[in-house]
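Structure first, commentary second.
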């Protein structure tokens, strides 16, 4: 890579793909942080991948993070990684970026670029001015369990998606056009399991194509251009890469690297996507509370916010709820937080601190909330955020409340496919 681009914190990694002849539909499985309250989903995946090479055998669905046998599960994963490496389950693509094209039934074609991101340029802490920055608040308590998974892992697989704000489509879209013109054959091309849609990937190692990507990123990182674009003072730190999905996984990789500062651990695979891509649709992330009495919850909500909350629809953030057969809403004044999710999450955190028997999960889809919000549980439906506001909001106000938005439905999340050695 040219020295002119040394300031851009990405590299072309040595990618690992499954060897030719692998059943790719069984190989690729959805991100571990999805379907965390739906064991039936993971049971189906386990049945489909039984006895076959699969990323399912290389990851731990977060559904099982608190199971008593979690350490045994992690040990099995680590042994499987070693066996895949030693028994020739992979082929190596040296110094390669992967152009990924993904189509689902919910959204138009989405185009991304898998590459390695420099963790020394990433800081998830509040007030960070790093080139790679979290878009949502990071819950530090969520990091150690994920570090435990990475600690002895021989390989990594990305479900992290990182965004650039490129309205002129100068980076990924230019590369996609160049790849199409070149007639490059896909490295993979198949239908994903469990309604994941269709995916195809193009291995990009041509120095001229890589140079075009780096040149485009360098232009986006220009300080003068950045300040003019967002109308901010000249001393404002440049935000080049915003973590869209997988912030806690990237934070875990960062903490792991700080404890194990070797050259391979310094980087983390992720898929880069333009926030203006037509296939990027910001969906809200709803909340379901388990083990709560609706009347008691609403009474404490009223007591906590006082005059800043009213039951029913009013002037402010109107938040519908479901509790068994009961449906209603309450309104929280916008003085609490500019976003509805921030206002609600403030009270949920307080409620959980008072009621250790209660739990919360973060849910995609109104229908799933309705399914889970049975008697003794309570679901909350939240509005979507405008994706065009993301970068400027983070630049001006810092990280958003955690789980503010989701890039698509659960089945549209990144599927594990490419791998990289990290030891």
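Bear in mind that the values in this text are calculations on the coordinates, not laboratory data. Note that the structure is a prediction, hence the values are computed from the model and not measured. Cβ: placed from backbone, ideal geometry, glycine included. Neighbour counts: every protein chain shown.
Report, to the nearest 10°, how far helix 340-354 tilts away from the longest principal axis of the Cα atoms in the chain, using its own Cα long axis and a range of 0 to 90°. Tilt relative to the chain: about 70 degrees.
Once both labels are positioned 7 Å from their Cα atoms along Cα-to-Cβ, the gap between residue 303 and residue 278 label points is 5.3 nm.
Annotation: peptides 72-78, 115-121, ranked by per-residue average of other Cβ atoms within 10 Å with the highest first, follow the order 115-121, 72-78.
Our helix-only sum for the chain, with -39,500 (n - 2.57) per DSSP H run of n ≥ 4 divided by its residues, gives a mean residue ellipticity at 222 nm of -9000 deg cm²/dmol. Seen against the Cα atoms of the chain and their longest principal axis, helix 172-182 is set at about 40 degrees. By other beta-carbon atoms within 10 Å, ranking 354, 142 with the fewest at the front produces 354, 142.
Arrange 406, 83, 215 by Cβ neighbour counts within 10 Å, fewest through most, would you?
Taking fewest neighbouring Cβ atoms as first place, the list is 83, 215, 406.
The value of relative contact order for the chain, using C-alpha pairs under 8 Å at least six residues apart, is 24 percent. Available extension along the chain between residue 105 and residue 46 is 18.9 nm, counting 0.36 nm per residue and deducting the alpha carbon span. May I ask for the angle, rounded to the nearest 10°, between helix 294-305 and the longest principal axis of the chain, with both axes built from Cα atoms and the value confined to 0 to 90°? That helix lies at roughly 90 degrees to the long axis.
Between residue 191 and residue 211, take the C-beta separation as r, use R0 = 45 Å, and let me know the FRET efficiency to the nearest 0.05. It would help to have the intermediate numbers written out before the result.
Values: r = 33 Å, r/R0 = 0.74.
My answer for the efficiency is 0.85.
Averaging Cα coordinates gives a centre for the stretch 5-83 and one for the stretch 161-235; these two points are 25 Å apart. Under 19 Å from a label point set 7 Å out along the Cα-to-Cβ vector of residue 95, the amide N atoms of the stretch 380-423 belong to 420-421.
Placing pseudo-labels 7 Å out from each Cα toward the beta carbon at residue 120 and residue 334 gives an inter-label distance of 4.4 nm.
Would you work out the relative contact order for the stretch 286-381, in percent, from Cα pairs under 8 angstrom that are 6 or more residues apart?
47
Could you tell me what % of all Cα pairs in the stretch 286-381 have separations over 23 Å?
That tail contains 15 percent of the Cα-Cα pairs.
Spatially, the stretch 333-351 and the stretch 394-418 are offset by 19 Å when compared through their Cα centroids.
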